[in-house]
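The structure appears below as structure tokens.
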Amino acid sequence: MRFSFRQLEYLVAVGEAGTIAMAAQRVNVSSPSISSAISQLETDLGLQLFVRHHAQGLSLTPGGRRVFIAAKQILSDANGLTDLANDILETARGPIAIGALSTLAPIVSARLRRSFEAAYPDASVSLKDGSQTHLLRMLSQAEIDVAITYDLDIPKDIQFEPVATLPPYVMLAKDHPKAAQPALNLAELKDEAMILLDLPLSRDYFLSLFHDCGLRPNIAARTSDMSMVRSLVANGFGFGLVNLRSRSDLAPDGETLVTRPLAGPVRPVVLGLATKGSDHRSGIVTAFFRHAKDQLGRGEHLMPDDQP
């Protein structure tokens, strides 16, 4: 491009004012600066834009008038782009892509979408789920606007805002000998068969709970599918650990689970909202942050109906 918006602004100012002096007053720039910019624009375009009249100002040449009209349209379109950006930043409407950690997505994402769209009818929500690595990649490539995830291995270029603290729970079959206890600790579980959710971050977190207490779990089975963990536990093959309780105590095959708090000094995980680092958020993303922090921060979509 052989011209700048500033040169076009000066061209329009002179074309409307008829003199460089009056144009300089309008745009609050010195006359020599405007004169130099106009001369440079004529050189760059290879076209004479004005006829200089001694002591009588300037008038547009026929070609200059056509450029003058086009310049006004370009500047108007540029201002329209600014207005559009302001509209996006200030209004809660339009598309938003939300990602959720695969272990969270079945419990929180659909209900949160429903409540958000009820609060903001002009929103158009799409949902995606995946591993932490997958979510971070989608954020970096702008495939999603926000991710609902845990505070585990968050890189420095990702902004993470905490929403809720989630302590760990123990899942047991309903006829497990320890199912009647109101709570259990890790020492009571170290010799019990464990069904481990074998996803990178989940695996490392749950194993660290034992390691921090100087204990070693008795891992009987591993699976990357939370539904499979629930079914194996409900059928008596071992216990499982979770941070987010389902609203149903039934495993996918219909067997019943019992969930008890994990007692003792165990580290919770922090649920939050992650975005690519930026100083600006669109209105729809700002609205979703506000809505999700309110809903999830109060325990909405996180706790079964019998939970406080």
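The values are calculated or read from the model by the stated rules, or taken from the named source; none is laboratory data. Computed from a predicted structure; not experimentally measured. Neighbour counts run over all protein chains shown; Cβ positions are idealised from the backbone, glycine included. The accessibility values were calculated without ligands, DNA or RNA, using every heavy atom of the protein model including side chains. Shrake-Rupley method; radii C 1.70, N 1.55, O 1.52, S 1.80 Å.
Thr61: net charge of surrounding residues, Cβ under 13 Å, Lys/Arg +1, Asp/Glu -1, itself excluded?
+2
The slack between Leu152 and Ser36, meaning 0.36 nm per residue of separation minus the straight C-alpha distance, is 36.0 nm.
In straight-distance terms, cross-link reach from Lys190 covers every one of the lysines whose alpha-carbon lies under 16 Å from its own, apart from those fewer than eight places away in the same chain; here that gives Lys178.
Report the Stokes-Einstein translational diffusion coefficient (µm² s⁻¹, integer) for the chain, Rh taken as the Kirkwood radius over Cα pairs, at 10 °C with viscosity 1.306 mPa s. Answer from the Stokes-Einstein relation: 66 µm²/s.
Positive end of the dipole of segment 107-223 (Cβ unit charges, origin at the Cα centre): among His134, Pro168, Pro217, the Cα lying farthest that way belongs to Pro217. Rg over Rh for segment 163-217 works out to 0.97, using Cα positions for both radii and the Kirkwood form for Rh.
Summing charges over neighbours of Asn243, with a neighbour being any other residue whose Cβ is under 12 Å away from its Cβ, gives +1 when K and R count +1 and D and E count -1.
Of all the options Leu250, Leu184, Leu49, the one that moves most in a Gaussian network model of the chain with Cα springs shorter than 10 angstrom is Leu49.
Ordering Tyr205, Tyr120 by accessible surface, largest first, gives Tyr120, Tyr205; the 1.4 Å probe counts only protein heavy atoms, with every chain in place. Taking the square roots of five times each eigenvalue of the Cα gyration tensor of segment 10-158, the equivalent ellipsoid has semi-axes of 55, 17, 13 Å, listed largest first.
As a length-normalised measure over Cα pairs under 8 Å and 6 or more apart, the relative contact order of segment 168-222 settles at 39 percent.
Of the residues Met228, Met194, Met22, the one that moves most in a GNM of the chain with alpha-carbon contacts below 10 Å is Met22. Counting 0.36 nm for each residue step from Gln141 to Ala183 and taking away their Cα separation leaves a gain of 10.8 nm. Here the dipole of the chain is about 580 debye; that uses its Cα centre as origin and unit charges on the Cβ of Lys and Arg (positive) and Asp and Glu (negative). Within the same chain, lysines fewer than 8 places from Lys128 are excluded, and of the rest, those with a Cα less than 28 Å from its Cα are Lys156, Lys276, Lys293. Using the alpha-carbon positions of segment 164-308, Rg (one decimal) and Dmax (whole number) come out as 16.9, 54 Å.
Spread over its residues, the convex hull of the C-alpha atoms of segment 225-280 is 134 Å³ per residue. Under the criterion of Cα pairs below 8 Å and six or more residues apart, the relative contact order for the chain equals 21 percent.
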